[in-house]
Every structure is written in C-alpha cells, then in structure tokens.
Amino acid sequence: MAAPNSHRTDDWWRDAVIYQVYPRSFADGDGDGTGDLAGVRARLPYLAELGVDAVWFTPWYLSPLVDGGYDVADYRTIDPAFGTLAEAEKLIAEARELGIRVIVDIVPNHVSDQHAWFRAALAAGPGSPERERFHFRPGRGEHGELPPNDWPSQFSGATWTRVEDGEWYLHLFTPEQPDLNWAHPEVRREHEDVLRFWFERGVAGVRIDSAALLAKDPALADFVEGVDPHPYIDQDELHDIYRSWRAIADTYQGVFVGEVWLPDSERFARYLRPDELHTAFNFSFLSCPWEADRLRRTIDDTLAEHAPVGAPATWVLCNHDVTRTVTRYGRADTGFDFATKAFGTPTDLRLGTRRARAAALLTLVLPGSVYVYQGEELGLPEAEIPLDRIEDPMHARSEGVDPGRDGCRVPLPWAAEAPWYGFGSESEPWLPQPRDWARYAVDRQRTDPESMLALYRTALALRRAEPGFGDGPMTWLPAEEGVLALARPEGLVCVVNLAPWPATLPPYDRILLASGPLDAEGRLPQDTAVWLRVGGVL
Ligand code: TEU
C-alpha cells in the first residue's frame, strides 16, 4: 500500500502542486494597470478550483521594480502598487481557509539600491562600517578606473559600478541590485529576522532567490574558467547559512525551496541534506529538450541525485524567467538556454501546445512536487513585446540581443470579451497583451472540455484523489523507442509517445486521462500522453 497523498499533512511539500503567482500580472484589483493583492484575493476561488496546494508569490515587497521586485527596498513592507501588509496577512489567512498554503520569495543575494542599508553605505563613505555590509572596493588601474575584478554578470554587462567617491560596489545583477556581504554577521541576522517575520505571519514556505550565489570568495579574486571553486557560485560557506535558516524554519514547520542552478548533481544535492533546504527547483528538467531519451535520463538523474539525501524531487516546466512551455516546445530547439534566446524564433504553437499537454501529464505523474507558473494552465504562449515596451533589464543589458523575460510576464486573460481580457485594469496594463488572446481567456477555457485549463483541472483532481501519485516509487516499463512508459503505485501507469508513429498501449483497465485522443486503433499518437489504471498493483 502506498502512502496516501500528503497534501493535508506536515509533509505536504513532498508532493504538493505549487502555483507560482507573479503578482504584477495575475489580476488587477484596483484598476491601475498593475496586478495586486486585491486581485489575487478575488481570484483565490479560481486557484482553489484549479486544485493547487500552495501558491508561491514572487516578491511583493517595497521595491522600485527595476527587476520586477527582485530589487527589495524593505522586506517588511508590501509595495504600495500591490497593497498593504494587512492585506497580505488577510490573503495568507483566506488562502489557508481554502486549503492553499503561501510561499514567499526572499532575495538574500542583493537588495535594492533604495534599501536603507545601501543608502546609508553611500552616505557614509569609504572605510565606513555601513559599507561593510556590501562589497565596496577601490578600483584597479593607476587611478582606480578599472573594476576590482573581472566577474561575469548573471545578466550580461558589468558587475561593478563606481560611486562618486571613487569606490566600486559589486552587483551580480543590475547596478540597482547591490550584492550583500554574507560574511557580515548583521546580514545574516537581518535575514534570519526577515524569515521569522514572514513565518510569524503564517507563510508555509520560502523560496530562496539565487540561493547558490550569496557567498563570495573573500579575496574577490578574478574568475578563471574551469578553476574550482567558482568565486561566487556554490561556495561552501552557504551550507552553514542554510543550516541556521533550517533551524528557524523548523520551529514554524516552514519549508524552503531553493533556486539552485548547478550542473553538478552531487554539489546540488548538498543543499538538500536533511538539515538544509527541503527542496530545490529542478532546472535540468526545465531545460531538457522534448526528446524521450533525454527526458528519461533527466528524470533518472533527478531521482538518483535526490535519493541519498531523502529529499523529494521538484518538476518544473517554466517560470517567470524562461520561455513559456508551449512556445519552447513549438520550436526547433525545445530545450531552454538563456544564451540562445532571440527575437523572431519560428514557433509552431499547435505543436508546442500538443507537447505541453503531454508534458503536463508526465510532470504531474512523477514522484515529488510540481510547480505550475501562472498562465501555464491556460497554455499561454510567450508574447513578443514591442521593443519600446520591454521593461526587463536583461534586454537592455544585453544591448538588445536578449528579448528579455517580459514575454512570459504578460497580464493574464480572464474574460474573452472584457477590456484587457478582464485583467481588471481601467487602461492598458503595464505590459501589452497580444491581440489574439481572447481564445486563452479563463472564461472561454472553463466551458471547453478540450482546453488546457480543463486538462489541468482534471489532472490535479485525479492527482489528489488517486493514491498512486505524489511521493513514492516509480518504475520504467519496457517501451518502444521514443516512448516513455512508467508505473507508479496502485496500478497507475503513464505512457508518453514522443516517436513519430503511434504507440501501442500496454493492457489496461481504464483510461484515467489523456492529453489528446487515441487513434482509431486505440494507439497513442505522437506527442500525446495518457494515464492508465492497470490491473494488479505494480
Ligand atoms: O533568478 C536568478 C537568475 O536569473 C540567475 O541565477 C540565472 O541563472 C541567470 O539569469 C542565468 O544567466 C532570480 C529571479 O528568478 C529573477 O527573476 C531575478 O531577476 C534574479 O534572481 C535576480 O534577483
């Protein structure tokens, strides 16, 4: 007998379905063109009906929004564009009433240049204790005119900015996001307080932004390709930080999900040791092309890297940083890589949507937790944003080469016939919505049994009701080339056909759900997935 699905227990996070809300683009409650907490509160019934266990909010704190809120000016204040702290508290409580837990996003690597600490550091000048909370250094070169080192940025462009008194400060992202000095005890203490602040307000979990970047080589030595350790990725000191965070989380039964992009699976798994982070995003799955053998290998590697530390895997197809799934799967290159993003990439959305439907069933059947990014359940494609409307700093910092990430951050369409598709704004929302989005609107999809929304709703309901899903064992079944077939407990089987010819299904009692119709012979067509109930418990 498999363990029942754990979404109602303390172990809920081991197999939860977590919906990612980008508050700026979810729903606009006050009509000013920007999504907000009032909008989210009004739509909580939608999330409950969809059947998600938790919601992760990208940063909602006071912020100049230079990097969409990942430039935090004050962790204890909600940005007025989004609402108030009292509203956030209400939202957390209302969500909980509906059985939905809230996860907040903490950005420990950096703060906004408008944060009180950074303003104080600028005012206090070179050599001051205020500057020690950041990485201020004199420049190199005869007159200090060269940056202190050659570190590459996570966002292309410079990693150092010179201030008026001649010193430079480090920022792995934009100049408006100065990096904190994690060797400083006040930096640690402050973040521990921020964690308590949000756990005290009833949040169930914390997503940790850029979790592998916080600690820096104290010498800030130049980056040398291929030489370990990297001066700012995956430094050993990080583990001590996360152990102290874990002790705090444990007192509130809070959980962590780390944004840890690391190619080395052994190094990745270290973050998931029992006294560190509970979970981390699975970026190898997110980046994996739509190819049967690559997917199978990624799934195997994922499960193998998590097993020794006893952490559950997470399964992610997209988020607010990457190309939307139906677009990615409709291109010649179906993987994801920041380096290859380009304007005008040919895309077959019908193909991409078909694959995304199949991928949804694959993702939801795997052992562990699943993330669904707002609009993924609507099958929204990546939007092409007019050049003069792009806000994402990645675009400008790449000198216009990278289209940036706004294409996956467009305000959601709720009602096909309403102005701005019912997003709620009185005039055009902060990012323009494409002209042909009526067909993706929630109200259209709600009444269409063939829609992506209907597929997600049914899949999530089954995932909750059927004991074979979630945490637990998984076995590959023999399958033809290009076909993935896997068994979960309680006679649950998933078959995904990525081969160009139809696949014969194994004997089964009944079809629980299919991402598309079977052919006249009852075979599974290309780019289609099915959940089966088979006789006997595997
Ligand atoms: O993303 C982190 C991030 O963007 C990098 O770690 C990523 O590996 C890099 O872009 C690839 O070149 C988080 C947030 O998800 C993102 O939205 C923020 O912009 C970023 O941190 C800065 O806070």
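The values are calculated or read from the model by the stated rules, or taken from the named source; none is laboratory data. As the structure is a computational prediction, the values presented were derived from the model and not from experiment. Every residue, glycine as well, gets a Cβ built from its backbone with ideal geometry; the counts of neighbours run over all protein chains shown. Accessible surface areas use protein heavy atoms only, side chains included; no ligands, DNA or RNA. Shrake-Rupley method; radii C 1.70, N 1.55, O 1.52, S 1.80 Å.
Within 16 Å of the ligand (Cβ to nearest atom), modelled with pLDDT of 95 or more and either within 30 Å of Gly404 (Cβ to Cβ) or assigned to a helix (DSSP H, G or I) (or both), is that true of Asp250? So that I can check it myself, show each step before the final result.
On the way: within 16 Å of the ligand (Cβ to nearest atom): no; modelled with pLDDT of 95 or more: yes; either within 30 Å of Gly404 (Cβ to Cβ) or assigned to a helix (DSSP H, G or I) (or both): yes.
Spelling it out, it is not the case that Asp250 is within 16 Å of the ligand (Cβ to nearest atom), modelled with pLDDT of 95 or more and either within 30 Å of Gly404 (Cβ to Cβ) or assigned to a helix (DSSP H, G or I) (or both).
How many residues are surrounded by fewer than 24 Cβ atoms within 10 Å (Cβ to Cβ) and either aliphatic (A, V, I, L, M) or at positive phi (or both) when one looks only at the stretch 22-31?
Residues in the stretch 22-31 being surrounded by fewer than 24 Cβ atoms within 10 Å (Cβ to Cβ) and either aliphatic (A, V, I, L, M) or at positive phi (or both): 1 in total.
Restricting to the stretch 166-189, give me the number of residues that are free of Cβ contacts under 8 Å to residues at least 40 places away in the same chain and more than 21 Å from Gly125 (Cβ to Cβ).
2
Leu213 - would you say it is within 23 Å of the chain's Cα centre (by Cα), of a type in the set (A, V, I, L, M, F, W, C) and outside the structural domain of Ala123 (by TED's automatic domain parsing)?
Spelling it out, Leu213 is indeed within 23 Å of the chain's Cα centre (by Cα), of a type in the set (A, V, I, L, M, F, W, C) and outside the structural domain of Ala123 (by TED's automatic domain parsing).
Just to check your reading of the model, which residue among Arg457, Arg435, Arg409 is more than 26 Å from the chain's Cα centre (by Cα) and basic (Lys, Arg)?
Matching residue, one of Arg457, Arg435, Arg409: Arg435.
Being aliphatic (A, V, I, L, M), in contact with a helix residue (DSSP H, G or I) (Cβ under 9 Å, 6 or more places away or on another chain) and not in a loop (DSSP other than H, G, I, E, B): is that true of Val194 here? Spell out the reasoning first.
Numbers: aliphatic (A, V, I, L, M): yes; in contact with a helix residue (DSSP H, G or I) (Cβ under 9 Å, 6 or more places away or on another chain): no; not in a loop (DSSP other than H, G, I, E, B): yes.
Judged against the criteria, Val194 is not a match.
I need every pair where a residue in the stretch 258-281 that is more than 18 Å from Arg243 (Cβ to Cβ) has its Cβ under 8 Å from the Cβ of a residue that is more than 15 Å from the ligand (Cβ to nearest atom), sequence separation at least 6 or different chains.
Listed by first residue and then by second, the contacts come to Ser265/Asp301; Ser265/Ala304; Ser265/Glu305; Glu266/Glu305.
Which residue out of Glu164, Glu176 is touching a helix residue (DSSP H, G or I) at 6+ places or on another chain (Cβ under 9 Å), modelled with pLDDT of 95 or more, within 16 Å of the ligand (Cβ to nearest atom) and of a type in the set (Asp, Glu)? I'd like the intermediate steps shown before the answer.
Details: Glu164 fails: within 16 Å of the ligand (Cβ to nearest atom).
Selected residue: Glu176, the only one of Glu164, Glu176 that is touching a helix residue (DSSP H, G or I) at 6+ places or on another chain (Cβ under 9 Å), modelled with pLDDT of 95 or more, within 16 Å of the ligand (Cβ to nearest atom) and of a type in the set (Asp, Glu).
Would you mind stating whether Asp337 is among the acidic types (Asp, Glu), within 16 Å of the ligand (Cβ to nearest atom) and surrounded by fewer than 19 Cβ atoms within 10 Å (Cβ to Cβ)? Talk me through it step by step, then tell me what you get.
On the way: among the acidic types (Asp, Glu): yes; within 16 Å of the ligand (Cβ to nearest atom): yes; surrounded by fewer than 19 Cβ atoms within 10 Å (Cβ to Cβ): yes.
For Asp337, the condition - among the acidic types (Asp, Glu), within 16 Å of the ligand (Cβ to nearest atom) and surrounded by fewer than 19 Cβ atoms within 10 Å (Cβ to Cβ) - is met.
Select from the stretch 266-278 the residues that are open to solvent by 10 Å² or more (accessible area, probe 1.4 Å) and within 16 Å of the ligand (Cβ to nearest atom) and write down the one among them that is farthest from Ile106 (Cα to Cα).
For the stretch 266-278, the residue satisfying everything is Arg267.
Are there helices (runs of 4 or more DSSP H) fully within the stretch 343-447 with at least 2 residues that are touching an Asp or Glu at 6+ places or on another chain (Cβ under 7 Å)? List them. Before the answer, list the steps.
Values: elements: 349-365, 393-397, 442-446.
Of the helices (runs of 4 or more DSSP H) lying wholly inside the stretch 343-447, those with at least 2 residues that are touching an Asp or Glu at 6+ places or on another chain (Cβ under 7 Å) span 349-365, 393-397.
Is it the case that Asp321 is within 15 Å of the ligand (Cβ to nearest atom), of a type in the set (Asp, Glu) and open to solvent by less than 10 Å² (accessible area, probe 1.4 Å)?
Criteria not met by Asp321.
When you go through (1) surrounded by fewer than 22 Cβ atoms within 10 Å (Cβ to Cβ); (2) of a type in the set (A, V, I, L, M, F, W, C); (3) within 30 Å of Val442 (Cβ to Cβ) one by one for Val370, which number turns out not to apply?
(1)
For the stretch 461-469, check the following and say yes or no: at least one residue is among the charged types (D, E, K, R) and free of Cβ contacts under 8 Å to residues at least 12 places away in the same chain.
We begin by selecting, within the stretch 461-469, every residue among the charged types (D, E, K, R); these are 463-464, 466.
Retained after the next criterion (residues that are free of Cβ contacts under 8 Å to residues at least 12 places away in the same chain): none.
There is no residue in the stretch 461-469 that is among the charged types (D, E, K, R) and free of Cβ contacts under 8 Å to residues at least 12 places away in the same chain.
Looking at the stretch 428-447, I want the residues that are surrounded by fewer than 19 Cβ atoms within 10 Å (Cβ to Cβ) and have a partner that is assigned to a loop (DSSP other than H, G, I, E, B) and acidic (Asp, Glu) with Cβ atoms under 9 Å, at least 6 apart or on another chain. Which pairs are those?
Every condition considered, the pairs that remain are Pro434/Glu384; Ala438/Glu417; Asp443/Glu417.
Would you kindly identify the helices (runs of 4 or more DSSP H) lying entirely within the stretch 260-308 that contain at least 1 residues that are more than 14 Å from Gly368 (Cβ to Cβ) and more than 18 Å from the chain's Cα centre (by Cα)? Give the derivation first.
Values: elements: 265-270, 283-287, 292-306.
So the answer is 265-270, 292-306.
Just one of (1) open to solvent by 20 Å² or more (accessible area, probe 1.4 Å); (2) within 23 Å of Asp71 (Cα to Cα) trips up Asp392, so point out which.
(1)
From the set of residues in the stretch 206-222 that are of a type in the set (D, E, K, R) and within 16 Å of the ligand (Cβ to nearest atom), which is nearest to Asn149 (Cα to Cα)? Write out each step before concluding.
Going residue by residue through the stretch 206-222, those that are of a type in the set (D, E, K, R) are 207, 209, 216-217, 222.
Restricting the remaining residues to those that are within 16 Å of the ligand (Cβ to nearest atom) gives 207, 209, 216.
Values: Arg207: 30, Asp209: 24, Lys216: 12 Å.
Filtering first and then ranking leaves Lys216.
Among (1) open to solvent by 20 Å² or more (accessible area, probe 1.4 Å); (2) part of a loop (DSSP other than H, G, I, E, B), there is one condition Arg188 misses while meeting the rest; what is its number?
(2)
Checking Ala116 against (1) farther than 23 Å from Trp430 by Cβ; (2) touching an Asp or Glu at 6+ places or on another chain (Cβ under 6 Å): exactly one of these is not met. Which one?
For Ala116, the exception is condition (2).
Yes or no: Pro500 free of Cβ contacts under 8 Å to residues at least 12 places away in the same chain, open to solvent by 30 Å² or more (accessible area, probe 1.4 Å) and not in a helix (DSSP H, G or I)?
When the stated conditions are applied, Pro500 does not pass them.
Examine the stretch 291-310 for a residue that is in the same structural domain as Thr251 (by TED's automatic domain parsing), within 16 Å of the ligand (Cβ to nearest atom) and surrounded by 18 or more Cβ atoms within 10 Å (Cβ to Cβ), and state whether such a residue exists. It would help to see each step written out before you state the result.
Our first condition is that a residue be in the same structural domain as Thr251 (by TED's automatic domain parsing); within the stretch 291-310, this holds for 291-310.
So of that shortlist, the ones also within 16 Å of the ligand (Cβ to nearest atom) come out as none.
Checking the stretch 291-310: not a single residue is in the same structural domain as Thr251 (by TED's automatic domain parsing), within 16 Å of the ligand (Cβ to nearest atom) and surrounded by 18 or more Cβ atoms within 10 Å (Cβ to Cβ).
Restricting attention to the stretch 340-351, and to residues there that are charged (D, E, K, R) and away from the ligand (no atom under 16 Å from the Cβ), which single residue is least open to solvent (accessible area, probe 1.4 Å)? Full working, then the answer.
Keep residues of the stretch 340-351 that are charged (D, E, K, R), which gives 341, 348, 350.
Filter again for away from the ligand (no atom under 16 Å from the Cβ), leaving 348, 350.
Details: Asp348: 73, Arg350: 204 Å².
In this case the residue turns out to be Asp348.
Condition test on Tyr421, is it at negative phi and either in contact with a Phe, Trp or Tyr (Cβ under 9 Å, 6 or more places away or on another chain) or not basic (Lys, Arg) (or both)?
Details: at negative phi: no; either in contact with a Phe, Trp or Tyr (Cβ under 9 Å, 6 or more places away or on another chain) or not basic (Lys, Arg) (or both): yes.
Taking the combined requirement at face value, the residue does not satisfy it.
Could you tell me how many of the residues in the stretch 106-134 are within 16 Å of the ligand (Cβ to nearest atom) and either over 30 Å from Ala204 (Cβ atoms) or not polar (S, T, N, Q) (or both)? Don't jump to the end; show me each part of the working.
As a first pass, look at the stretch 106-134 and keep what is within 16 Å of the ligand (Cβ to nearest atom): 106-115, 118, 134.
Filter once more, keeping what is either over 30 Å from Ala204 (Cβ atoms) or not polar (S, T, N, Q) (or both): 106-108, 110-111, 113, 115, 118, 134.
Selection size over the stretch 106-134: 9.
Condition first: touching a strand residue (DSSP E or B) at 6+ places or on another chain (Cβ under 7 Å) and within 16 Å of the ligand (Cβ to nearest atom). Now tell me which residues in the stretch 253-265 satisfy that.
So the first thing to find is which residues in the stretch 253-265 are touching a strand residue (DSSP E or B) at 6+ places or on another chain (Cβ under 7 Å), and the list is 254-260.
Hits for the stretch 253-265 are Phe256, Val257, Gly258, Glu259, Val260.
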